[in-house]
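The values are calculated or read from the model by the stated rules, or taken from the named source; none is laboratory data. Please read all numbers here as calculations on a predicted model, not as lab measurements. Every residue, glycine among them, receives a Cβ derived from its backbone with ideal geometry; neighbour counts consider all protein chains shown. Note: accessible area is taken over every heavy atom of the protein model, side chains too, but ligands, DNA and RNA are not part of it. Shrake-Rupley method; radii C 1.70, N 1.55, O 1.52, S 1.80 Å.
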Amino acid sequence: MHDVVSPRLGIATVCLSGTLDDKLAAVAEAGFDGVEIFENDLVVSPWSPKQIRDRCAELGLSIDLYQPFRDFEAVPPDVLAANLRRAEHKFDVMEQLGVDTMLVCSSVSADAVDDDDLAAEQLHLLASRAADRGLRIAYEALAWGRFVDTYDHSWRIVRRAAHPALGLCLDSFHVLSRGSDPAGIRVIPGEKLFFLQLADAPRLRMDVLQWSRHHRLFPGQGGFDLVRFVDHVLATGYAGPLSLEVFNDVFRQADPHHTAVDAMRSLLVLRERLAADGSPAVRERVRVPGLPPAPRMSGYTHVEVATSGAAEVAETLRAMGFRRHGDAWAQGRASILLPETDDATARIAAFGVDSADPAVAARRAARLLASTRADGAIEAPDGTAIAFGSSAAVEPGLLTDIDHVSLTAPFDDVDQTALFYRSVLGLEAEPAAEFAAPFGLVRSLSARDPAGRVRIAHSVATLRRGEWAPAVPDPQHIAFTTDDAIEAASVMRATGAPLLDIPANYYDDLDARLAPPHLARLRETSVLYDRDEHGELLHFYTHILGGRVFFEVVQRIGGYAGYGVNNSPVRMAAHRQLRVRAGHSNSASSP
């Protein structure tokens with residue numbers, strides 16, 4: 001039975017933007033215990049290794065790993081001699097840094113040969129040289145290694161080398177990108193696992209080197225099962241840090257302080273998931289002190305739309321059946337606040353969730369490094385404020401509640417923003433979707449609480465090039481629920497609500513694809529339709545209000561849990577057509 005000791009948390013300097021002093025300050029501020037010093041960061045630093053060591057000590061950071069040392073093993077004698085000379089120089093640097101472990105990557109060199117015995121012999125020699133100086137070698141199988149590209153192969157070589165100063169470095173990306181079964185890690189003695197590096201990634205089909213160098217993500221942002229992977233590693237008795245090594249083009253250009261906070265949050269949530277779903281021997285080791293469980297939520301208390309054109313939004317809400325009560329427009333359990341602001345373009349500025357214990361929910365947010373505003377609300381990375389409270393009384397009407405809030409984020413920020421909402425509110429990620437919109441490819445990320453009462457979606461254009469940008473910049477919307485979408489659309493049209501007209505071509509195609517019931521009524525009321533194996537969706541939209549925000553009304557039938565993504569290009573084209581007509585009208589009326 002292993003002692004219950006919480007793992008230390010670390011991060012490689014390569015994850016962050018800036019020079020080494022920028023990176024170390026950000027890492028310490030985010031609360032990490034230690035760092036991996038990436039060689040390139042040291043080489044370009046004006047500080048000596050001893051000064052870097054002293055600076056880390058000032059910041060309360062340990063230096064846990066020096067990396068990478070490349071192309072060492074299974075080479076001819078003359079190359080080996082040069083490699084050993086190079087290693088001795090690196091050992092000098094490590095002694096000045098005060099770090100005892102060096103990462104050695106499996107070779108990609110044309111000088112290497114496919115000979116495990118030779119690789120083991122030469123790694124044994126390197127480990128002996130390191131041990132003479134009180135140092136260790138952590139051997140890592142690169143997923144694109146020339147001959148050694150899986151963790152089980154690297155373990156066979158380490159075991160054959162049989163030196164106490166030689167062990168393994170396991171990197172989740174190198175293991176999981178190859179499709180290797182991590183269950184085999186459990187047979188490796190924990191004392192031979194010298195280091196653990198963690199990275200998530202989206203599931204992509206591409207060259208594994210390019211995938212690794214450009215598309216790694218922090219835990220929880222991609223598609224890898226890191227809970228299972230880390231559970232296997234910790235079950236061996238591994239006692240080293242959980243350290244992040246993420247190569248990502250966006251992260252390496254972003255504010256390092258923001259990135260470091262996102263990185264720490266991802267590790268805290270990973271530990272929380274391990275404490276819930278890991279094996280019994282692991283759960284207590286990874287539990288996060290002071291982190292309350294995710295709040296139990298029963299829906300939205302309100303959504304706040306900030307705009308200088310509040311009158312236009314208010315008139316639309318009135319035509320949709322909302323009634324004003326003080327500062328709020330209410331219908332069913334839905335409540336919309338319209339503070340008059342100087343924002344020329346409308347935006348969803350805040351929302352509240354109905355939490356069983358608002359104080360506990362706020363403590364969770366703070367423990368996950370969320371910023372708190374003066375009014376007590378927490379602030380998401382996209383600037384949206386989130387309040388925890390309770391719902392007001394129900395106002396009867398055709399609309400019954402808020403189904404979801406759809407936000408937008410720049411492509412560079414969407415992964416961190418989506419992770420923030422999921423972690424702080426305890427939402428479960430839903431399958432990501434991509435669709436071809438009229439003005440480019442759009443990626444949609446959504447998440448919901450276990451009961452399906454709070455849903456948040458994020459949409460982002462995956463690429464933007466050129467100056468022609470006729471789409472609405474960063475559109476946002478609020479979706480309301482109804483028990484009868486066709487009736488709601490009919491009534492709202494009669495009361496003057498500015499509902500979006502859908503072209504006849506859509507319904508002709510819908511008839512051919514799905515032949516829905518009440519097709520004529522759908523066509524008459526411009527209600528869109530979708531169906532999957534679980535149920536059906538009927539939904540319709542308003543015009544865009546305040547240049548950015550619009551409303552949606554949805555009727556879910558059966559177990560349909562999606563968002564009608566297939567219909568999004570239809571909606572976007574219809575909104576575009578409205579803007580074209582408005583532009584022509586304005587031109588015609590100009591003197």
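Tabulated values for the structure
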read-out	value
Point-charge dipole on Cβ atoms (K/R +1, D/E -1) for the chain, about Cα centre, debye to 20	560 debye
Neighbour count of at most 15 Cβ within 10 Å plus DSSP loop: longest chymotrypsin sites (Phe, Trp or Tyr not before Pro)-free window in the chain	48-410
Label-reachable residues, the stretch 295-313, where backbone N falls under 18 Å from a point 7 Å from residue 451's Cα toward its Cβ	295-303
Amide H contacts of residue 111 (H built 1.01 Å from N, under 5 Å, at least 5 apart or other chain)	none
Crossing angle, helix 310-319 versus the chain [Cα axis fit, 0-90 degrees, rounded to tens]	60 degrees
Of all DSSP beta bridges in the stretch 104-220, antiparallel share, percent nearest 5	10 percent
Helix-only [θ]222 nm of the chain, DSSP H runs n ≥ 4, -39500 (n - 2.57) each, per residue, nearest 500	-10500 deg cm²/dmol
C-alpha center-to-center spacing [the stretch 494-554, the stretch 248-292] in angstrom	41 Å
Extension reserve of the residue 524-residue 6 stretch, reckoned as 0.36 nm per residue once the Cα distance is removed	180.3 nm
Estimated FRET transfer efficiency (residue 181, residue 508; beta-carbon r; R0 30 Å; 0.05)	0.05
Positive-end residue, the stretch 216-362 charge dipole about Cα centroid, Cβ charges, pick of 305, 236, 322	236
Tensor-based shape of the stretch 245-289 (alpha-carbon gyration tensor, a/c under 1.5 rounded, otherwise prolate or oblate)	prolate
Stretchable slack from residue 432 to residue 487, in nm (0.36 nm times residue separation minus alpha-carbon distance)	16.7 nm
Protein accessible area in the chain, 1.4 Å probe - carbon and sulfur %	50 percent
Percent RCO, i.e. relative contact order, over the chain, from Cα pairs under 8 Å lying at least 6 residues apart	10 percent
Label-point separation, residue 394 to residue 111 (7 Å along Cα→Cβ), nm	7.6 nm
0 to 90° range, to nearest 10: angle between helix 49-59 axis and the chain longest Cα axis	50 degrees
Contour excess over end-to-end distance, with Cα ends at residue 85 and residue 129 and 0.36 nm allotted per residue	14.8 nm
Hypothetical label at residue 54: residues of the stretch 83-120 whose amide nitrogen lies under 15 Å (7 Å Cα-Cβ projection)	96-98
Prolate/oblate/rounded call for the stretch 328-403, Cα gyration tensor, a/c under 1.5 rounded	oblate
Rounded, prolate or oblate (a/c below 1.5 giving rounded, otherwise prolate when a/b exceeds b/c) for the chain by Cα gyration tensor	prolate
Förster radius 30 Å - calculated FRET efficiency between residue 561 and residue 192, Cβ distance, rounded to 0.05	0.10
Residues in the stretch 397-428 reached by a label modelled at residue 495 [backbone nitrogen below 13 Å; 7 Å Cα→Cβ]	397-400
